[in-house]
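Below is one structure, written out as structure tokens; the observations come after it.
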Amino acid sequence: EALTGRARSILAPGLEKLVAFVESRGGLEWVQPAGGTVGFPRLRDHDDAEPFIKMLLDDFDTAVVPGRFFDAPAHFRVAFSGDPSLLTGGLQQLGKALDSL
């Protein structure tokens, strides 16, 4: 229990940022993760997020993991466990990419 509590306290700030971001974006939906270090939002109104993911990388220099690797092509994986400034910057770029859709 102590280890789980410590891990959750370390991950909480990143998860809070990701939750706030996803919930503020009408073009995304998800089930908030109960644990772990990644979120898995779905690009609403798209059957395949791959073109968006490519545009995100090419035009906004930001990478996410395509959902096709998990048999969920409309989704993409976002890590929230790393450097908080990288997460903040990545979410800003992700927001710009979503705005450009």
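Send over a whole-number figure in Å² for the accessible area per residue of the chain, probe 1.4 Å. Don't skip to the end; give the middle numbers.
Working: 6200 Å² over 101 residues.
Per-residue value: 61 Å².
Which value at 222 nm does the chain reach when only helices count, each DSSP H run of 4 or more adding -39,500 (n - 2.57), with the total divided by all residues and rounded to the nearest 500 deg cm²/dmol?
Working: 3 runs with 50 residues, N = 101.
Using -39500 (n - 2.57) per qualifying helix, the result is -16500 deg cm²/dmol.
Placing unit charges on C-beta atoms (Lys and Arg positive, Asp and Glu negative, everything else neutral), compute the dipole magnitude of the chain about its Cα centre in debye, rounded to 20.
Values: 10 positive and 14 negative charges, 62 e Å.
That gives a dipole near 300 debye.
Leaving out ligands, DNA and RNA, and with a 1.4 Å probe, what % of the accessible surface on the chain is carbon or sulfur? Don't skip to the answer; put the middle values down first.
Numbers: 3390 of 6200 Å².
Roughly 55 percent, rounded to a whole number.
Quantify how much of the Cα-Cα distance distribution of the chain extends past 16 Å, in percent. Please list the in-between numbers first.
Values: 2777 of 5050 pairs.
Every Cα pair in the chain considered, those over 16 Å come to 55 percent.
Normalised by the number of residues in the stretch 1-45, what is the relative contact order in percent for Cα pairs under 8 Å and 6+ residues apart?
Numbers: 26 pairs, mean separation 12.8, N = 45.
Across the stretch 1-45, relative contact order equals 29 percent.
The values are calculated or read from the model by the stated rules, or taken from the named source; none is laboratory data. Please read all numbers here as calculations on a predicted model, not as lab measurements. Quick reminder, even Gly has a Cβ in these numbers, built from the backbone with ideal geometry, and neighbours come from all protein chains shown. In case anyone asks, the SASA skips ligands and DNA or RNA and just uses the protein heavy atoms, side chains included. Shrake-Rupley method; radii C 1.70, N 1.55, O 1.52, S 1.80 Å.
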